[in-house]
């Protein structure tokens, strides 16, 4: 399977500015009229078990938020980083640095007997059952019946990462899965289950009575930590948010970010049929390009 560094050389030779290396403009001056431009190069790398374990574990802890303690994150991180021909890390300056973003897919059937994946399957199935509604089909798809082969897609990035880094990571994943299938590796899926996060803005417990807090929470609109999730959701056969098991109302106050409203995170998942997955990835690229 072709390595990312080799592909990067080809892409740069073709002067394609959208992959592997991207620039982010930032300001280092408080003046609105006189700003310095800071160029940051983001690069994609294959996983390296000797380097990426701690960075991936940190991002997994962010992905699962208050429920991170329910999982064997060390074991899950190990599974991700040893699978080094599928998925990417996104870094700045050097491969030896911690990842700013990661993306991977794990075969649920292939790894379901392993503790980290067994925990994740049980957790997602239970959340889908208790939440119901649009998530209702997911437990049957994840069941060990042999009828469905599910790719568990895990992705997370630091909150201040530009969205432009995302389409190349997803596009690379598509290419790598296709190459793996050609090599008879176990990545031929019937469905992809994308695990992500959303949030709602809720009234602070410091400002409102219990009744008003409850009403505000019920009326709050679902928002996305990852804007591309809103676009990908259009291609899903099942999707929805769910409450974290370790949900704590005080979290909203700790994440107020100097606003009147607090931030209440939720888990989020999207089930996408394999035949629609490539179209969903293309839609992400189109969406990010239009909103950039």
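Regarding segment 91-108, can at least one residue be identified that is closer than 25 Å to residue 144 by Cα and either in a helix (DSSP H, G or I) or at pLDDT below 85 (or both)? Yes - at least one qualifying residue is present in segment 91-108. Sub-9 Å Cβ pairs linking a first residue in segment 119-141 that is free of Cβ contacts under 8 Å to residues at least 12 places away in the same chain and on the phi > 0 side of the Ramachandran plot to a second residue that is assigned to a helix (DSSP H, G or I) and surrounded by fewer than 17 Cβ atoms within 10 Å (Cβ to Cβ), at least 6 apart or interchain, number zero.
What about residue 125, is it under 23 Å from residue 240 (Cβ atoms) and assigned to a helix (DSSP H, G or I)? Criteria met by residue 125.
A count restricted to segment 80-111 and to residues that are surrounded by 18 or more Cβ atoms within 10 Å (Cβ to Cβ), under 23 Å from residue 138 (Cα atoms) and in contact with a helix residue (DSSP H, G or I) (Cβ under 9 Å, 6 or more places away or on another chain) stands at 8. Residue 47 meets the conditions (1) out of contact with any strand residue (DSSP E or B) (no Cβ under 9 Å at 6 or more places or on another chain); (2) modelled with pLDDT of 95 or more; (3) assigned to a loop (DSSP other than H, G, I, E, B) in every case but one. The failed one is (1).
Does segment 74-90 hold any residues that are within 16 Å of the chain's Cα centre (by Cα) and in contact (Cβ under 8 Å) with a residue 40 or more places away in the chain, and which are they?
76, 80, 86, 87, 88, 89, 90
A search for C-beta distances below 7 Å between a residue of segment 273-289 that is on the phi < 0 side of the Ramachandran plot and free of Cβ contacts under 8 Å to residues at least 60 places away in the same chain and any residue that is buried (at least 16 other Cβ atoms within 10 Å of the Cβ) and outside any helix (DSSP H, G or I), counting only pairs 6+ apart in sequence or on different chains, returns 280/272. Just one of (1) under 23 Å from residue 87 (Cα atoms); (2) touching a helix residue (DSSP H, G or I) at 6+ places or on another chain (Cβ under 8 Å); (3) in a loop (DSSP other than H, G, I, E, B) fails for residue 160. It is (2). Every condition in (1) within 27 Å of residue 231 (Cβ to Cβ); (2) surrounded by fewer than 19 Cβ atoms within 10 Å (Cβ to Cβ); (3) at pLDDT 95 or above; (4) out of contact with any helix residue (DSSP H, G or I) (no Cβ under 8 Å at 6 or more places or on another chain) is met by residue 122 except one, and the failing one is (1). One residue stands out among those in segment 179-221 that are modelled with pLDDT of 90 or more and part of a loop (DSSP other than H, G, I, E, B): the one that is surrounded by the fewest Cβ atoms within 10 Å (Cβ to Cβ), which is 184.
The values are calculated or read from the model by the stated rules, or taken from the named source; none is laboratory data. Owing to the predicted nature of the structure, the values given are computational and were not obtained by experimental measurement. When we count neighbours, we look across all protein chains shown, and the Cβ atoms used for this are built from the backbone with ideal geometry, even at glycine.
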